[in-house]
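Comments concern the structure below.
A short reminder: the numbers here are calculations on the coordinates, not readings from a lab. Keep in mind that this is a model prediction, so the values were computed, not measured. Glycine gets a Cβ as well: all are built from the backbone with ideal geometry, and neighbour counts include every protein chain shown.
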Amino acid sequence: MNIELTSKNYREEQDYNKKSKNTSRLNKAEQQQEEEEEKEDSLDQINEDLEKKYISRSELIKNLNFPRSTNKRIIVLPNNEGLGFRYDCYDEQTLGQYLSEKEFRDSVYELTKICSIQFAKKLQREKNDPFATEKKMLLLNIPMLAIAVLLFSLRVFDTVTNNYTFEIGVAFYGVGMLFIFYNFIKTQIRKPDMTSFEKSTYIELEKKIIDFNKQYSQRGIRWVLHPKFYWIEIQIL
């Protein structure tokens, strides 16, 4: 009887010790996770301060602080220009069973291509003059108003006998003033293109990330895009 009780107590003690160890491991894991989250929060704050300091994206990228890769996630770093991502972030030990190096490089290439296309569009937007039409109309106004003034002068000083001189002058003057009024209204109601490079690029990258996750989620990984696409995480689920 005593032997059975002792054996039972021993098993209960063993079970308790196992639970305690598991709880301890969980607590350590949770503690490590909390520490990582705190580090990343402080990292975000540091990076926000750097954003105010550097105007150029390439200069900012060179000075940013990036999170570290772990056995649960791989950080895909940006290239030097901040207009794409690096191909040398593949980790065979962490990603090998989920994603081949070729698939990784092909995916990074697609994301980098999106950044390049959006940057080219940004340069084109900056090159285009949003008020080109209005400027042409104003240039056309100058001779029209000059003709109107000339016709008014001729009529005032009676140097011509054409009875329609004044009416023609009024017509030129009226059309010129209509052009000016039209340009004024158009410039006031025009909505500037507020789609910044970062916003448009993020939208296109996020679409591609969603496609990647549909493709790779069944393998046990998930792609996560940084809000300003400073880096990409490949998380092990």
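For this structure, a couple of remarks:
- Within segment 195-213: backbone nitrogen closer than 11 Å to the Arg125 label point (7 Å, Cα to C-beta): 195-202
- Difference of contour (0.36 nm per residue) and Cα-Cα distance, Ile142 to Lys207: 18.5 nm
- Nitroxide proxy distance, nm - points 7 Å out along Cα→Cβ at Lys186 and Val149: 2.4
- Cut-off under 5 Å, modelled amide H: who pairs with Ser69 long-range: Ile75
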